[in-house]
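Step one of this worksheet: look at the structure below.
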Ligand SMILES: NC(=O)c1ccc[n+]([C@@H]2O[C@H](COP(=O)([O-])OP(=O)(O)OC[C@H]3O[C@@H](n4cnc5c(N)ncnc54)[C@H](OP(=O)(O)O)[C@@H]3O)[C@@H](O)[C@H]2O)c1
């Protein structure tokens, strides 16, 4: 079943469904990514802070699949927002992944309370990576509307994507609406809320009716909303389950019922982007 491609504002295309590797231990990553590629995933979402870029690169190289067939995203560590640090970190990302370019490179967190609140010079450094071709596309992650407004006012490139926490318990509509209005594709991280939504009676009731699993129903909800997703699993049966999303459809009523589970900030599984300030040492 073909995964749809979404066209970004720079003309590049991204598979709407990928495979996330957050919290996969380096020693398990080659096996997990190898299994995902065998199932058919052609989009891998990693980050410097996940400490498994090297293993992601090894699995892709060992798979025999052409580099051009796999969409690779990585992200700048919170430790390296200053321009010279970012340049060095990006060199290291490419070297760890064993590739001359990434398809997408993101600022992982805005860190508005760090670096004197300056994520603008970090973004201008990301633009250098796009201009020299080593990042085919560049974007941001966890940016709130005021952060995006600052980039719009002070720089001359609109991010291709904004990767934010979105799932039935935090539908994040305000940021999604800003993204949509400005040609920024929304990527929904923790699409099944790390498993928390799978026992929700609204989700299980729809799953029973359509004869699919709660994970498939939740992931299909994201797909029909138009967001890009990359569920994580170390279990090949679940990887396969999460990949089988394109031969059934939810009704408008189903989509609304799932969206009504929104709890706003209360529903977050991760930190709030306005206050998150962790810098790895
Ligand atoms: N930009 C950011 O700040 C940020 C933050 C968080 C995540 N992300 C990205 O988003 C990706 C996905 O988010 P996530 O890993 O946090 O959470 P997720 O994909 O919502 O959920 C992963 C969890 O659900 C379990 N699971 C997966 N498929 C399942 C299924 N079909 N049935 C039952 N349980 C299932 C997994 O366990 P098993 O592995 O045991 O199957 C794992 O514990 C990450 O890997 C990362 O690439 C980005």
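Coordinate-derived values only; no laboratory data. Only a predicted model underlies this, so the values are computations on that prediction, with no experimental measurement involved. Neighbour counts are summed over all protein chains in view; Cβ atoms, including those assigned to glycine, are modelled from backbone coordinates with ideal geometry.
Most fluctuating residue of 69, 128, 249 in a GNM of the chain with Cα springs under 10 Å: which is it?
Ranking 69, 128, 249 by mean-square fluctuation puts 69 first.
Report the Cα centroid-to-centroid distance between region 240-268 and region 46-98 in angstrom, as an integer.
30 Å
How long is the gain from residue 101 to residue 38 if the chain were fully straight, where each residue apart is worth 0.36 nm and the alpha carbon distance is subtracted?
Here the segment from residue 101 to residue 38 would lengthen by 20.4 nm.
How much mean residue ellipticity at 222 nm does the chain get from its helices, if each DSSP H run of length 4 or more adds -39500 (n - 2.57) and you divide by all residues, to the nearest 500 deg cm²/dmol?
Numbers: 10 runs with 109 residues, N = 281.
Result for the chain: -11500 deg cm²/dmol, rounded to the nearest 500.
Could you list the residues of region 131-172 with an amide nitrogen less than 15 Å from a label point located 7 Å from the Cα of residue 67 in the Cα-to-C-beta direction?
Residues passing the 15 Å test: 133-137.
Among 130, 188, 257, which one shows the biggest mean-square fluctuation in a GNM of the chain, springs joining Cα atoms closer than 10 Å?
Residue with maximal mean-square fluctuation among 130, 188, 257: 257.
For region 171-190 and region 128-165, what is the centre-to-centre distance using only Cα atoms, to the nearest Å?
Region 171-190 and region 128-165 have Cα centres separated by 13 Å.
Expressed as a rounded percentage, what relative contact order does the chain have, with Cα pairs under 8 Å and six or more residues apart?
20 percent
What distance in nm separates the simple spin-label points at residue 9 and residue 181, each placed 7 Å from Cα in the Cβ direction?
1.3 nm
Please identify, among 104, 250, 37, the residue showing maximal mean-square fluctuation in a Gaussian network model of the chain using a 10 angstrom Cα cutoff.
The residue with the greatest mean-square fluctuation here is 250.
Is the shape of region 224-276 best called rounded, prolate or oblate, per the rule: a/c under 1.5 gives rounded, else a/b larger than b/c gives prolate, else oblate, with a ≥ b ≥ c the square roots of the Cα gyration tensor eigenvalues? Please list the in-between numbers first.
Details: a/c = 2.57, a/b = 1.23, b/c = 2.08.
It comes out oblate by the Cα gyration axes.
Over the alpha carbons of the chain, what is the largest minus smallest coordinate on each principal axis, giving the biggest first in Å?
Extents along the principal axes: 54, 43, 35 Å.
With a Cα-only, solvent-free Debye model of region 1-115, what are the log10 I(q)/I(0) values at q = 0.11, 0.17, 0.21, 0.24 Å⁻¹?
-0.36, -0.83, -1.19, -1.42
For the pair residue 31/residue 54, report the inter-label distance in nm, with labels modelled 7 Å from Cα in the Cβ direction.
1.9 nm
Can you give the % of DSSP beta bridges in the chain that are antiparallel, to the nearest 5?
15 percent
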